[in-house]
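The values are calculated or read from the model by the stated rules, or taken from the named source; none is laboratory data. On a predicted model such as this, the values are computed, not experimentally measured, just so you know. All Cβ positions, glycine included, derive from the backbone under ideal geometry; neighbour counts span all protein chains shown. In case anyone asks, the SASA skips ligands and DNA or RNA and just uses the protein heavy atoms, side chains included. Shrake-Rupley method; radii C 1.70, N 1.55, O 1.52, S 1.80 Å.
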Amino acid sequence: MNKARKFGRTTSISEAEVAQRVDALLAKMSLAEKVGQLNQVGGAEFAPGPRAEDQIRAGGAGSVLWLNDTKKFNELQKIAVEESPSGIPLLFALDVIHGYHTIFPVPLAMAASWDPSVPEKSQTVAAREARAAGLHWTFGPMIDICRDARWGRIVEGAGEDPYLGAAMAAAQVRGFQGDDLADPERVLACAKHFAGYGYSDAGRDYDPVFLSETQLRNTVLPPFKAAVDAGVATFMSAYMDLNDVPASGNRWLMRQVLREEWGFEGFVVSDAFAVGNMVIQGHAKDRRDAALRGLKAGLNMDMSSYTYTENAADLVAKGDLSEAEVEELVRPILALKLRMGLFERPYADEGLLEQVLARPDHREVSRWAAQRSMVLLKNEGGLLPLQKDIQKVAVIGPLADNKSATEGSWMVFGHQPAAVTVLAGVRAKLPNAEVTYAPGPEIRRDIPSWFESMMAGYSPKPPETPEEADAAFQAAVETARAADQVIMVLGETDLMSGEAASRASLDLPGRQEELLQAVAALGKPVVLVLLNGRPLSVNWAAGHIPAILEAWEPGSEGGNAVADILFGDAVPGGKLPVGFPRKGSHAPLYYARNTTHSPEGSPMYNPRYWDGLPTPLYPFGHGLSYTTFEFSNLKVSMPQVKLGGSMTVSVDVTNTGKVPGDEVAQLYIHQRWGADTRPMRELKGFERLTLQPGETKTVTFELGPAELGYWSTNASQWTQDAAAFDLWVGADSLATLQAEFEVVG
Ligand code: GLC
């Protein structure tokens, strides 16, 4: 399972020199300074606690977050380097999740590309811009597996599947960190939230998580392991209780799994205030106890709860903690700062950001990433692509000209939404057409998000009155009536998914579906474009609207990318990284589940609910194209493979249509019996390929212990069984082209 470790790679300093210089630094640092390196200071006014400058000057800070100001970075760095006792430079950190200034599709969208080069190239640009601004460290990739779309943070991850999630995690680490930590265009990455956060009860953000070791080992942890194998520099511990132990005080996670088993050599930062929160969560007796639990559990850095700086000296003085244990937690932090060259180059070039942001290729990458992330859910009668000679197009919906909904959640502080909206993209695509617009009634959360008050230029608008909503509704219907083609842009605002943005329903918020029905009743051709950060139960649209494009939250160039696809300048090739439930109450819903004693087709078949089938509206891996493909000639290299051995699976994919397009060949396996019951299907290979009309390519996958092994409840260890397997290769998780093979002892 262990691939070549890439941790800490740099050409700027040897590991021997790193170790020698860390020892030398520790030898002259006071205990207070050592603890200071374990302290991450909040740089924003909303962050409680002592002033950043004072903490830094005293050598009581190793890092600053929640600040986005190059000049201020240099001011604080100057205090650290020139005025603190040991002059150790600070790490400046921020959530650059899908773009710093040039915004990319949200991570769930990037996963929908099923193309690791999309997150890798996107995060490469994000790192270049963030570093030019003076940031050293991003709190990404977020790689929490999630199978409950009610959870708002599903938008930040790679969906429901560990195999796809692992590929996307490694790609993001490569994008952020590159091959050399001393590269002045890269930042440290941070695998978060370790671990299990995506399983919060019923999708309720921050709620406790209860997971078996089997679920953790087989589903939740593989993307984190992939991040370690990709050389990720840091981890972040999650907020919630995992099996009654908060992740930030969880020795099993941070010492046994992360360090003893995986050999992780970087450091772990808590989530915001999470060490101090262990008192609130009823886990720690008081802040001193919370600090001790975090330190003993192997949590290196306290994000702004200040429990470490408040209590570590007393913990050492009273013998609860040794100075050697503190030093063990400080070492990786100093080592990473040395590998980044921060001691030699601590300051940002205050003129660099402007030059970097002027690069035209950055928006080109954003548009390309958005095109490759979009998923064509439906295209009845080939309505799409639309012709460019249309004269009158109505673009309707509350998100049609909404910049922040187009860019999505997790914008960095101070960012002003500047996306090309769908309306702007359609108008740019059809300069000679009459492109009208009407938003229809507004949509808003029933309960506002506390994040709103933190947004730049926050000014709470009073809700629309019923009369205003009715007027907007009618205006939208009349605008549609006057057009030849209608493009509806519906979904969720950026505040309706993300952190503290869970919801019980997956329906279109507000009166959007009512408006869609009223517009559809006009009898005009209607295309639905979805802008959203989670799967939505668009059941009515799926049954009545001929063409539906899932555009997610596509970023700075989102509107142009939508127009490229709607009018055929780009062919959709994305696939769903998470299934779309018919109802929120069907969650958790996932394809890789075990069957039952009464499966579909059996005489005692129980349809699971008597009030409707819980099958997904759109399954995992689903996505259409403007052309068609055929899978054929499925072969296994051998009908039997020895336990521990490997085999290959090959399949031909042909473009049987008239235009070039992308297909994603997906390989699923099913182990028919074993030490444990295994899921009906599990993704164990995928490849996105571009095919010209009539072209055939042969795709080959390898299946070996890494793909066929699993963590067994029965054996309580990693195992591989001698058993018979089915496999399928096709265009989604319902693939029917089937073969079989056997693993023999
Ligand atoms: C937030 C999030 C985490 C983020 C951190 C710093 O509450 O949970 O993902 O990186 O605080 O902003």
Please give the contour-minus-distance gain from Glu45 to Arg255: 0.36 nm per residue of separation, less the Cα-Cα distance, rounded to one decimal in nm. 72.2 nm
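What is the count of Lys pairs in the stretch 629-744 whose alpha carbons sit under 26 Å apart, if the two are 8 or more places apart or on different chains?
Taking the Cα cut-off of 26 Å, the pair count is 5.
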Taking the Cα centre of the stretch 629-744 as origin, work out the dipole magnitude from +1 charges on Lys and Arg Cβ and -1 charges on Asp and Glu Cβ, in debye rounded to 20. 80
Per the Kirkwood formula on distinct C-alpha pairs, the Rh of the chain is how many angstrom? 26.8
Looking at the stretch 375-572 only, what percent of DSSP beta bridges run antiparallel? Nearest 5 please. 15
Measure off, as a whole percent, the carbon and sulfur share of the 1.4 Å-probe accessible area of the chain, all protein chains present. 53
Ordering of 351-360, 721-730, 272-281, 102-111 by burial proxy (mean other Cβ atoms within 10 Å per residue, highest first): 102-111, 272-281, 721-730, 351-360
Efficiency by 1/(1 + (r/R0)^6): what FRET value for Ala475 and Gln387, r their Cβ-Cβ distance, R0 = 35 Å, to the nearest 0.05? 0.85
Can you tell me the dipole magnitude for the chain around its Cα centre, using point charges on the Cβ only (Lys, Arg +1; Asp, Glu -1), in Debye to the nearest 20? 700
Going through Lys34/Lys78; Lys192/Lys403; Lys392/Lys583 one by one, the pairs whose alpha carbons sit over 29 Å apart turn out to be Lys392/Lys583
Fraction in percent of alpha-carbon pairs per bin - 10 Å, the stretch 319-465: 7, 21, 25, 21, 13, 9, 3, 1
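Hey, can you find the accessible area per residue of the chain for me, probe 1.4 Å, expressed in square angstrom?
Value for the chain: 36 Å² per residue.
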For the stretch 375-572, what relative contact order do you get, as a whole percent, if you take Cα pairs closer than 8 Å and at least 6 residues apart? 36
Along the Cα-to-Cβ line of Ser322, 7 Å from the Cα, sits a label point; which residues in the stretch 257-301 have backbone N less than 20 Å from it? 259-260, 292-300
Which value at 222 nm does the chain reach when only helices count, each DSSP H run of 4 or more adding -39,500 (n - 2.57), with the total divided by all residues and rounded to the nearest 500 deg cm²/dmol? -8000 deg cm²/dmol
With an 8 Å cut-off on Cα pairs and a minimum separation of 6 or more residues, tell me the relative contact order of the chain in percent. 14
May I ask what percent, to the nearest 5, of DSSP beta bridges between residues of the stretch 15-352 are antiparallel? 10
Taking just the C-alpha trace of the stretch 179-282, give me its Rg and Dmax in Å. 14.0, 43
Please say if the stretch 15-352 is rounded, prolate or oblate, where rounded means a/c under 1.5 for a ≥ b ≥ c the square roots of the C-alpha gyration tensor eigenvalues, and otherwise the choice is prolate for a/b larger than b/c and oblate otherwise? oblate
Return the percentage of antiparallel bridges among DSSP beta bridges fully within the chain, rounded to the nearest 5 %. 50
Scoring the stretch 629-744 by relative contact order with C-alpha pairs under 8 Å, at least six apart, yields a percentage of 33
How are the C-alpha pair distances of the stretch 629-744 spread across 10 Å bins, as whole percents from the shortest bin up? 14, 44, 27, 11, 3, 0
Say the dipole of the chain comes from +1 at the beta carbon of Lys and Arg and -1 at that of Asp and Glu; which of Gln281, Phe194, Ser305 then lies farthest toward its positive end? Phe194
Kirkwood Rh in Å, taken over the stretch 37-150 so that all alpha-carbon pairs contribute: 15.5
